[in-house]
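Sending over a structure as structure tokens; questions will come in a sec.
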Amino acid sequence: MQITRAFSESLTTYPMYTWTVLGATTSWVLMEAPSPIAFAIVYFRSDNAFKPVPLILCGMYLFHYVYRSFIYPFRMRGGHKRKPIVTGLVAFAFNTANGWTNAFAITVLAPHLLSTDWLTDPRFIIGVIVFAAGWIINQQSDAILLKLRKPGEGGYKIPEGGFYRWLSSPNYFGEIIEWVGFALAAWTVPAWVFAWFTGTNLIPRSFSNHRWYRDHFSEYPKKRRAILPFLL
Ligand SMILES: NC(=O)c1ccc[n+]([C@@H]2O[C@H](COP(=O)([O-])OP(=O)(O)OC[C@H]3O[C@@H](n4cnc5c(N)ncnc54)[C@H](OP(=O)(O)O)[C@@H]3O)[C@@H](O)[C@H]2O)c1
């Protein structure tokens, strides 16, 4: 079964000025690219850039964001969900500040990251594992969503498989886990602020997605939760 989401309805999570909009791919690149670019500019100007721990954290951040900014937007199919320019500008500003502050914190503000002792700290080890687990869940879930449409097709279907067995928005679940893992591994204020922002941004969106699926698909699996398996 395939259902189309009205253009105005698709903007309910962005309740702003719908009269000026950007195409989906363009807006993704413009919104996300400032994050890895700002991060790389600040990071590689530091004398600490090639110390082991900062380098691993830099790799984690750029690994995620180079994909999200320059590969993911070109994999989307049939998206009609255009974004208001105001939303794009807010995301542009947030991502620039986020990339800048995280790179600055890792290379300048966090002396604990400059010693190789941090490599064996439980926060770092658990954080890297949690980040990797979140990345796998996010990638697998996004891949399931992106395959739902054939080339040139629009509309919405019920996603199945992977973490969709339990959740309506497992891609958001994975994303939140990823940045909590990064915050654990980096143990800096900007990293925790980013994890918090990711949660406060994506949890309400997962509730709205969940409600939408339940309202539009009578056969929607009853056991599926919005964002937290078996609970929420
Ligand atoms: N760190 C953060 O704060 C943050 C913020 C936003 C997003 N992200 C990440 O960016 C990625 C994409 O986010 P998003 O909000 O754009 O995800 P989304 O709303 O789930 O949509 C992702 C793609 O799948 C399509 N799609 C969604 N549901 C579908 C369905 N039921 N049937 C067919 N196609 C469907 C969408 O098409 P339409 O565009 O036509 O709906 C879009 O192309 C996720 O991995 C998310 O975690 C992170």
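Without any contact (Cβ under 8 Å) to a residue 60 or more places away in the chain and closer than 15 Å to Met60 by Cα - does that describe any residue in region 147-167?
No: zero hits.
Which residues, counting only those in region 207-226, are outside any helix (DSSP H, G or I) and either under 30 Å from Asp117 (Cα atoms) or more than 12 Å from the ligand (Cβ to nearest atom) (or both)? Outline the logic, then answer.
Let us first name the residues in region 207-226 that are outside any helix (DSSP H, G or I), namely 217-226.
Within region 207-226, Ser218, Glu219, Pro221, Lys222, Lys223, Arg224, Arg225, Ala226 meet the criteria.
Count, please, the residues in region 112-135 that happen to be among the aromatic types (Phe, Trp, Tyr) and in contact with a Gly (Cβ under 9 Å, 6 or more places away or on another chain).
2
May I pose another question? Only one residue in Pro204, Pro151, Pro229 is outside any loop (DSSP other than H, G, I, E, B) and more than 11 Å from the ligand (Cβ to nearest atom). Which one? Working first, answer last.
Working: Pro151 fails: outside any loop (DSSP other than H, G, I, E, B); Pro229 fails: outside any loop (DSSP other than H, G, I, E, B).
Exactly one residue qualifies, and that residue is Pro204.
Among (1) surrounded by fewer than 16 Cβ atoms within 10 Å (Cβ to Cβ); (2) under 16 Å from the mean Cα position of the chain (by Cα), which single condition is Tyr65 missing?
Going through (1) surrounded by fewer than 16 Cβ atoms within 10 Å (Cβ to Cβ); (2) under 16 Å from the mean Cα position of the chain (by Cα) one by one, Tyr65 breaks only (1).
Those residues that are of a type in the set (Gly, Ala, Ser), out of contact with any helix residue (DSSP H, G or I) (no Cβ under 7 Å at 6 or more places or on another chain) and over 21 Å from Gly152 (Cα atoms), I need them from region 52-104; list them, please. Talk me through it step by step, then tell me what you get.
First pass over region 52-104, keeping only residues of a type in the set (Gly, Ala, Ser): 59, 69, 78-79, 88, 91, 93, 97, 99, 103.
Okay, now just the ones that are also out of contact with any helix residue (DSSP H, G or I) (no Cβ under 7 Å at 6 or more places or on another chain), so 59, 78, 93, 97.
Within region 52-104, Gly59, Ala93, Ala97 qualify.
Quick one: which of Ala143, Ala132 is farther than 17 Å from Pro229 by Cβ, modelled with pLDDT of 95 or more, surrounded by fewer than 22 Cβ atoms within 10 Å (Cβ to Cβ) and within 11 Å of the ligand (Cβ to nearest atom)? Can you show your working first?
On the way: Ala132 fails: within 11 Å of the ligand (Cβ to nearest atom).
None of the others qualify; the one that does is Ala143.
Scan region 157-175 for residues that are in contact with a helix residue (DSSP H, G or I) (Cβ under 9 Å, 6 or more places away or on another chain) and near the ligand (Cβ under 8 Å from one of its atoms) and report the count.
7
Of all residues being closer than 15 Å to Ile227 by Cα and among the aliphatic types (A, V, I, L, M) in region 146-179, which is surrounded by the most Cβ atoms within 10 Å (Cβ to Cβ)? Just the residue, please.
Going through the qualifying residues, I end up with Leu167.
The values are calculated or read from the model by the stated rules, or taken from the named source; none is laboratory data. In this text, all values refer to a predicted model and were calculated from it rather than measured experimentally. Neighbour counts run over all protein chains shown; Cβ positions are idealised from the backbone, glycine included.
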